[in-house]
Amino acid sequence: MEAGSALDPMPLRGFKDFYQYAGSTRVISGRDLLSSTGFEFQKEGARRVFVVTDEVVRGTGLVERVEAGIADGGLEVAGVFDQVPQDSSTHVCDECAAAAKEAGADSFMAVGGGSVMDTAKVADAVFTHGGDAREQEGFFLMPREDDGMGRPIDIAPLACIPTTAGTGSEVSMAAVIKDPDEKVKIEIADFPLFPRLAILDPETTRTLPAKVAAATGMDAMTHAIEGYVSVDWSAHQDARSLHALRMIRDNIERAVQRGEEDEEARGNMLIAANLAITIALGSVHAMSHPCGAQFGVPHGVANAINLPHVIRHNAAGSDDIADRYRDIGEIFDVAEPEIGDALAAYVTSLVDRLGLPTRLSQVGVPEEGIPALVEGAMGDGTTLLNPREMEEEDYAELYRAAL
Ligand SMILES: [Fe+2]
């Protein structure tokens, strides 16, 4: 029988023995939503809102408009924490949680990109349960009722207003934060981390610099592609990933190149990023996390560089994996028999058109850094979710190819 026939057993396509899917964030999407932040967040039980942001976003005037929206809905702004750095850390989360306690807040509203939203999530967990940010690490380890066997205990209400499109953190149950002492990124994922509310309004990405729009858009594209080929795939996420890719195909270049003038493309990219996010990722993220932790490479830039190399490597692993990439190729009109090479070439040319670097050496990664990067990638949780089993030598080869 021909490989890829509908009668073959297909590990990446059959009825799975098990998966679970959840998405409990209420999403509102549209125009002119910033003035109704308070009205909407009140419905999630918020009264005294602690706003988490960074200085760049605050400088755009967005935060003032959000604060006015909070007050307009009859809620109070308990305080504003604008000290989230580009690449946030466990220390910042602890400071943020302490500041929210001090301010007498009962809820959090994140206004910013992935770093801001992830900081708010972890700070909220510390605020609610005590301890420190480092202790929150792990998958499905947050406190539960009935001695850990029951329902996960809610954290304080959290609303997210993403200002990049994006990490999708506004609708995910995960956060990734740097532990600066250990120089690693720690990952935290559990149901209570789903924000209660996500507000998608293209006004929030109006002044986004083209480079940031490109990098964060490529992060979304990476989520959609990795989610679709991950061993942790699910039919639910497949539907989201493939539609996210259609929306990214139609909007990413418009959003990056026309930016401010193209509200429709910016709005659609916010939705695409939202659809693309999943915690079922793979070796692109495994390679990119240590690039960020060890060399400060922005997450989306690292993904944009590493993605084509991982596609090529994975697609050569089995017909089954190659078929999954073929589904993705169809969306981009890429249909050559060597799907890994063809899709990788497509991604590289897109990254180039978006004005992003295509090599790790262009963003400060030295050749001598490879062994430590390999170690980081092997230790990253997403390595276990990659469709092709990865050895140290595989990662070393991929990093060399990406250099
Ligand atoms: Fe990502």
The computed P(r) of the chain puts the percent of Cα pairs beyond 40 Å at 12 percent
Between the modelled labels at Gln362 and Asp132 (7 Å from Cα along Cα→Cβ) the distance in nm is 3.9 nm
For the Asp154, Ala71 Cβ pair and Förster radius 45 Å, calculated FRET efficiency rounded to 0.05 is 0.95
So the angle from the long Cα axis of helix 339-353 to the longest Cα principal axis of the chain, reported in degrees to the nearest 10, equals 50 degrees
Zone reached by a paramagnetic label modelled 7 Å from Ala98 Cα along Cα→Cβ, restricted to the stretch 149-192 with backbone N below 19 Å, covers 178-182
Length gained, Asp179-Ala316, 0.36 nm per residue minus C-alpha separation, equals 45.8 nm
Burial-style ranking of 377-384, 156-163, average other-beta-carbon count within 10 Å with highest first, yields 156-163, 377-384
Where a ≥ b ≥ c are root eigenvalues of the Cα gyration tensor, a/c under 1.5 meaning rounded, otherwise prolate if a/b exceeds b/c and oblate otherwise, the stretch 338-394 counts as oblate
The relative contact order of the chain, taking Cα pairs under 8 Å that sit 6 or more residues apart, comes to a percentage of 15 percent
In deg cm²/dmol, rounded to the nearest 500, the helical mean residue ellipticity at 222 nm of the chain, built from -39500 (n - 2.57) for every DSSP H run of length 4 or more, is -15000 deg cm²/dmol
Of 353-359, 146-152, ordering from highest average Cβ density within 10 Å down gives 353-359, 146-152
In degrees rounded to 10, the 0-90 angle between helix 210-229 Cα long axis and the longest Cα principal axis of the chain is 60 degrees
To the nearest 10 degrees, the tilt of helix 319-331 (Cα long axis) against the first principal axis of the alpha carbons of the chain is 60 degrees
In debye to the nearest 20, the charge dipole size for the stretch 183-237, taken about the Cα centre with +1 at each Lys and Arg Cβ and -1 at each Asp and Glu Cβ, equals 240 debye
Non-local residues with an amide H under 5 Å from the amide H of Thr163, with H modelled 1.01 Å from N and Pro and chain starts lacking one, are Gly112, Gly113
In terms of the alpha carbon gyration tensor, root eigenvalues a ≥ b ≥ c, rounded if a/c is under 1.5 and otherwise prolate when a/b exceeds b/c or oblate, the stretch 308-371 is oblate
With 0.36 nm assigned to each residue of separation and the Cα-Cα distance removed, Asp341 to Asp147 gains 64.8 nm
Counting sequence-distant residues (5 or more places) and residues on other chains, those with an amide H built under 5 Å from that of Leu200 are Ile28, Ser29, Gly30
Most packed first (mean Cβ within 10 Å per residue), the peptides 390-400, 338-348 order as 338-348, 390-400
So the number of lysine pairs in the chain with alpha-carbon atoms under 26 angstrom apart, 8 or more residues apart or on different chains, is 12
In debye to the nearest 20, the charge dipole size for the chain, taken about the Cα centre with +1 at each Lys and Arg Cβ and -1 at each Asp and Glu Cβ, equals 880 debye
Projected convex hull area of the stretch 99-150, Cα atoms, direction-averaged, in nm², equals 4.5 nm²
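Read-outs: derived from the displayed coordinates by stated rules, not from any lab. Worth saying up front: this structure is predicted, and the values here are computed from it rather than measured. Virtual Cβ from ideal backbone geometry, glycine too; neighbours counted across all protein chains shown.
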